[in-house]
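The values are calculated or read from the model by the stated rules, or taken from the named source; none is laboratory data. Treat the numbers as computed from the prediction; the structure is a model and nothing was measured. All Cβ positions, even for glycine, are placed from backbone atoms using ideal geometry, and neighbour counts span all protein chains on display.
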């Protein structure tokens, strides 16, 4: 399967998945109202703190979200005053997000594009490129992606990444059970489980400078259980979920966040 065929397969999968029960649950009135009342809820608190450390005032900042997915981060950043462009390979994801943006009264630009190329995004057009959970597992050309980020950032612009910590990848991930190794940390392919060294080296080769790294704990049950699994759980079954003495895998960081900068002055 060549690159174009793979991208089309990914696109078709996400077009179908966008209307799954899980994604519909992210677009309910209750969920969107919660986001309207508290835009910060779209982020791990430590990640939003990192963004604000480097960009204290988001008002008027030009922000691009490649692989924008459920677009909750896009909605939140727009509510914080940023000028947001959302890009995703799936037109269905973007169409559903555009309807939610209209409900929220947000002016967001939606563009269908491949995150590894961003061919429809102009050069030096953004102050911040932000990617959130789940992006890296679909990317088979890390350096190409980061070169695209570097191209669309203005000099001095920031790239902020938030994704599953690679240290979790060797394990099966069953909550409350002893860790069970299912693969080597160094087996990047065929499942696209990138290592920290792959991510950092690709950024450096693409022309980005690493400013800060954070290794973060899980905060909620959704890191450990799927949507269908959580529907059948009682609150008492989730007690101590993020205590490593009860759930051994909680001893590992759940999330990895990186802040990187393009050289030069804006």
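Every test in (1) within 30 Å of residue 238 (Cβ to Cβ); (2) surrounded by 13 or more Cβ atoms within 10 Å (Cβ to Cβ); (3) free of Cβ contacts under 8 Å to residues at least 12 places away in the same chain is passed by residue 181 save one, and that test is (2). Picking from residues in region 151-173 that are free of Cβ contacts under 8 Å to residues at least 60 places away in the same chain and assigned to a loop (DSSP other than H, G, I, E, B), the one that is farthest from residue 117 (Cα to Cα) is 172. For residues that are without any contact (Cβ under 8 Å) to a residue 12 or more places away in the chain and within 13 Å of residue 142 (Cα to Cα), scanning just region 190-204, find the one that is surrounded by the fewest Cβ atoms within 10 Å (Cβ to Cβ). So the residue we want is 197. Of the conditions (1) under 23 Å from residue 141 (Cα atoms); (2) surrounded by fewer than 16 Cβ atoms within 10 Å (Cβ to Cβ); (3) modelled with pLDDT of 95 or more, residue 67 clears all except one; give me its number. Here residue 67 meets the rest and fails (2). Within region 22-41, is even one residue assigned to a loop (DSSP other than H, G, I, E, B), in contact with a strand residue (DSSP E or B) (Cβ under 7 Å, 6 or more places away or on another chain), within 28 Å of residue 227 (Cα to Cα) and modelled with pLDDT of 95 or more? Looking for residues that are assigned to a loop (DSSP other than H, G, I, E, B), in contact with a strand residue (DSSP E or B) (Cβ under 7 Å, 6 or more places away or on another chain), within 28 Å of residue 227 (Cα to Cα) and modelled with pLDDT of 95 or more, one finds none in region 22-41, hence no. Of the listed requirements (1) within 23 Å of the chain's Cα centre (by Cα); (2) closer than 28 Å to residue 23 by Cα, residue 205 misses just one: (2). When each of 78, 101, 49 is tested for being in a helix (DSSP H, G or I) and within 25 Å of residue 217 (Cα to Cα), the lone residue that passes is 49. If the condition is being surrounded by fewer than 16 Cβ atoms within 10 Å (Cβ to Cβ) and in a loop (DSSP other than H, G, I, E, B), then region 209-230 contributes 219, 220, 226. Residue 207 meets each of the listed conditions (1) in contact (Cβ under 8 Å) with a residue 60 or more places away in the chain; (2) farther than 27 Å from residue 154 by Cα; (3) touching a strand residue (DSSP E or B) at 6+ places or on another chain (Cβ under 7 Å) apart from (2). Screening the candidates 233, 246 for the property of being in contact (Cβ under 8 Å) with a residue 40 or more places away in the chain, farther than 29 Å from residue 53 by Cβ and outside any helix (DSSP H, G or I) yields one hit, 246. Taken over region 109-123, the residue count meeting the criterion of being over 18 Å from the mean Cα position of the chain (by Cα) and buried (at least 19 other Cβ atoms within 10 Å of the Cβ) is 1.
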